[in-house]
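The values are calculated or read from the model by the stated rules, or taken from the named source; none is laboratory data. Keep in mind it's a predicted model, so treat the numbers as computed, not measured. Positions of Cβ are generated from backbone atoms using ideal geometry, with glycine treated the same way; all protein chains shown enter the neighbour counts. Accessible surface areas use protein heavy atoms only, side chains included; no ligands, DNA or RNA. Shrake-Rupley method; radii C 1.70, N 1.55, O 1.52, S 1.80 Å.
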Amino acid sequence: MTGRIRTLIVDDSASMRAALNRILSADPEIEVVGLAPEPHTARTMIKELSPDVITLDVEMPGMDGLSFLEKIMRLRPMPVVMCSTLTARGAEVTIEALRLGAVDCVAKPSGNPLEIIRDAELLCATVKAAARSAVRPLARQDPAGKDRPASAGKRDMVIAIGASTGGVEALFSLLSALPEDCPPVLVVQHMPAAFTGSFAARLDRECRVRVVEAADGQPIARGTVYIAPGGERHMELAGGIDGRIKLRRGDPIAGHRPSVDMLFRSVAPLGDAAIGIILTGMGSDGAEGLLAMRTAGARTLGQSRDSCVVYGMPRAAFGLGAVEKELSLSAMPEAILAACRK
């Protein structure tokens, strides 16, 4: 992409449209080309202005944000960043938006001046990442492997997964393909703290495995996926193959808390009894931790460029030599199960 990132803001609140416009217009790499109060106006503006990125309010009167997003992803796929309030309702809708193909979600700017500055920086960075993302048309289909009986075998292992931008959609696809007897799965998905509980609950309803938001001291068990809570603590594995979840307070690592690197490093001592997987996302979180896992003898997989929304984290890990094999998202479940059976 050359030139500034042409961005269309869609929000039913005039004050929020003004705030988003002010934030995005202050970035020299972004040009706000239009402000739409609702989806019908936005649809006309999309045709006339051909924006590179849309910021879309989650909840609006008339045609809601989800319905509009689904139409966009079916008829004219383009990068969409969802702007959400940090509420239970906002979280549920945002998770569905990410599953439908929105590149990422950000919280609407609010709070004290420092929080507003932080949210503004994140919003601009997310719009820039969205402009570089690979967006694909929405295809309604059953989750991969949903009707295929499979077994992970009886070997004691632990699976660790890291993801960021585009990871929600990828994790729905990957985790829904795992059998009920799969080894414990520990997941760090970069996501606001208010959303991880809703994300775990939604996955739990749609996967054969049990999916929970991880709790400190919780023992790990087969057939269960543990989603790291967003916010103030890193997630680690303590105690080895029959260990427990450890949620530890600490500074962000490369801007992230929880950190994928922290999770991977804690699993590395398991050696060949572990599988590390790095999925779509911007940045490099997880690259060094995955290298530590591979050096210790673990199997390590990276999502392929052509199946990533953002080929950032897998590329960084591949560049370090941390990735044993790159695979498309659709091929990854069978590779995981094959590694578990050996």
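Filtering the stretch 93-132 to residues that are buried (at least 23 other Cβ atoms within 10 Å of the Cβ) and part of a loop (DSSP other than H, G, I, E, B) leaves GLY101, ALA102, VAL103.
Would you confirm, using the coordinates I've provided, whether ILE46 is closer than 17 Å to LEU138 by Cβ, more than 25 Å from the chain's Cα centre (by Cα) and modelled with pLDDT of 95 or more? Judged against the criteria, ILE46 is a match. Taking (1) closer than 22 Å to GLU232 by Cβ; (2) part of a helix (DSSP H, G or I); (3) at pLDDT below 95 in turn, GLU169 satisfies each apart from (1).
Results for (1) part of a loop (DSSP other than H, G, I, E, B); (2) open to solvent by 10 Å² or more (accessible area, probe 1.4 Å); (3) within 16 Å of ALA130 (Cα to Cα); (4) aromatic (Phe, Trp, Tyr), shown as yes or no for each residue.
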position	(1), (2), (3), (4)
ASP27	yes, yes, yes, no
VAL32	no, yes, yes, no
LEU35	no, yes, no, no
THR41	no, yes, no, no
LEU56	no, no, yes, no
LEU66	no, yes, no, no
LEU69	no, no, yes, no
MET73	no, no, yes, no
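Residue count for the stretch 176-235, restricted to those that are within 19 Å of VAL158 (Cβ to Cβ), touching a His at 6+ places or on another chain (Cβ under 9 Å) and open to solvent by 20 Å² or more (accessible area, probe 1.4 Å): 0.
Considering the stretch 239-306, the qualifying strands (runs of 3 or more DSSP E), each wholly inside and each with 2 or more residues that are surrounded by 24 or more Cβ atoms within 10 Å (Cβ to Cβ) and in contact with a strand residue (DSSP E or B) (Cβ under 8 Å, 6 or more places away or on another chain), run over 274-278, 299-303.
Just to be sure before I move on: is GLY90 open to solvent by 50 Å² or more (accessible area, probe 1.4 Å) and modelled with pLDDT under 90 in the structure I sent? No: the conditions fail for GLY90. Looking at the structure I just gave you, is SER198 over 20 Å from ILE245 (Cα atoms), in a helix (DSSP H, G or I) and among the polar types (S, T, N, Q)? Considered against the rule, which asks whether it is over 20 Å from ILE245 (Cα atoms), in a helix (DSSP H, G or I) and among the polar types (S, T, N, Q), SER198 comes out as no.
Regarding MET16, is this residue without any contact (Cβ under 8 Å) to a residue 40 or more places away in the chain, surrounded by 15 or more Cβ atoms within 10 Å (Cβ to Cβ) and part of a helix (DSSP H, G or I)? Against the criterion (without any contact (Cβ under 8 Å) to a residue 40 or more places away in the chain, surrounded by 15 or more Cβ atoms within 10 Å (Cβ to Cβ) and part of a helix (DSSP H, G or I)), MET16 does not qualify.
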